[in-house]
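The values are calculated or read from the model by the stated rules, or taken from the named source; none is laboratory data. The structure displayed is predicted, hence computed values, not measured ones. Using ideal geometry, Cβ is built from the backbone for each residue, glycine included, and neighbour counts are taken over all protein chains shown. All accessible areas refer to the heavy atoms of the entire protein, side chains included, with ligands and DNA or RNA removed. Shrake-Rupley method; radii C 1.70, N 1.55, O 1.52, S 1.80 Å.
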Amino acid sequence: MGKATSINHSKKKAHVNNGAKAPRPEGALRRGVGVHIAPSLLAADFADLRGAMRSLKAASIRWLHLDVMDGHFVQNLTMGVPVLKSIAADSPDFYFDVHLMIEQPRAFVRPFADAGAKLITFHVEAAGDDSINLLKHIRRIGVHSGISVRPKTPVSAIRDCLPYADLVLIMTVEPGFGGQKLLPETLNKVRELVHLRDELGLSFLIQVDGGINLDTGPLAVAAGADVLVAGTSVFHENRIRQNVSSLRKSLSNIR
Ligand code: DX5
Ligand code: ZN
């Protein structure tokens, strides 16, 4: 991540990271480089993924969120390793963020890493007691490690995992589908995480996912989010560049 821009936690304007080269997974994910917009490919036109990624690149987006669902952990089936392999080969300069909403995350960490994932996030509700070891395993194979909680799961459930996480994903909707409304109470967990991060002297990024749009994006950044996953609000009517620019504008006077 470029050193040029930074999130300054004082009262100054938040800076939107527009186009700085995507982070490479050497070393920890760093804060202080602006608020990242991470489009969720689930909302893209699957018949034209290459076109969607060209438009994202033209909109200076380099962070791409891939929702992997197994029909068990959540009631939906989406994409697997072959999709990542193809798009990573076609556009290697993206930062591929893989969100595993599956019951057996450990079994798929290596295949997604080999296919080009730069960040792999799994759910504590799926990994349970294996969570800390799985975070360590993900880092050991050279990928950024992420852990996520569903709306009803308290932050306390992942407190012991935080030292091993490069990123924490707060689900702001019940995982399983795009196009849902953000649950406002989930932003309290973002505020709680900001305090915990400072209290523990850690530097993980805080990501939110679900229902992010021109109204809720600024609320999430004001609560402390560093990375905003956005599906419907980016790919709506396939007006990708306009939608990204509107979202960036909505964030430019927060904090
Ligand atoms: C939901 C997924 C989200 C979703 C976001 O389970 O994890 O990434 O695709 O889509 P929107 O932004 O439309 O809520
Ligand atoms: Zn997601």
Just a yes or no: is a residue in the stretch 157-169 open to solvent by 40 Å² or more (accessible area, probe 1.4 Å) and either without any contact (Cβ under 8 Å) to a residue 24 or more places away in the chain or within 15 Å of ligand 1 (Cβ to nearest atom) (or both)? no
Under 8 Å between Cβ atoms, at least 6 apart or on separate chains: pull out the pairs that start in the stretch 64-89 with a residue that is touching a residue at least 24 places away in the same chain (Cβ under 8 Å) and end on any residue that is open to solvent by 30 Å² or more (accessible area, probe 1.4 Å) and assigned to a strand (DSSP E or B). 69/77; 70/77
If you take the residues in the stretch 216-232 that are within 14 Å of ligand 1 (Cβ to nearest atom) and not aliphatic (A, V, I, L, M), which one is most open to solvent (accessible area, probe 1.4 Å)? 232
Quick one: which residue in 176, 142 is over 14 Å from the mean Cα position of the chain (by Cα) and open to solvent by less than 10 Å² (accessible area, probe 1.4 Å)? 176
Filter the stretch 77-111 down to residues that are closer than 30 Å to residue 248 by Cα and part of a loop (DSSP other than H, G, I, E, B), then give me how many there are. 7
The stretch 175-194 residues that are of a type in the set (S, T, N, Q), paired with ones that are open to solvent by 70 Å² or more (accessible area, probe 1.4 Å) and more than 12 Å from ligand 1 (Cβ to nearest atom) (beta carbon under 8 Å, 6 or more apart): none
Could you tell me whether the stretch 111-129 includes any residue that is within 16 Å of ligand 1 (Cβ to nearest atom), open to solvent by less than 10 Å² (accessible area, probe 1.4 Å), over 26 Å from residue 221 (Cβ atoms) and without any contact (Cβ under 8 Å) to a residue 60 or more places away in the chain? yes
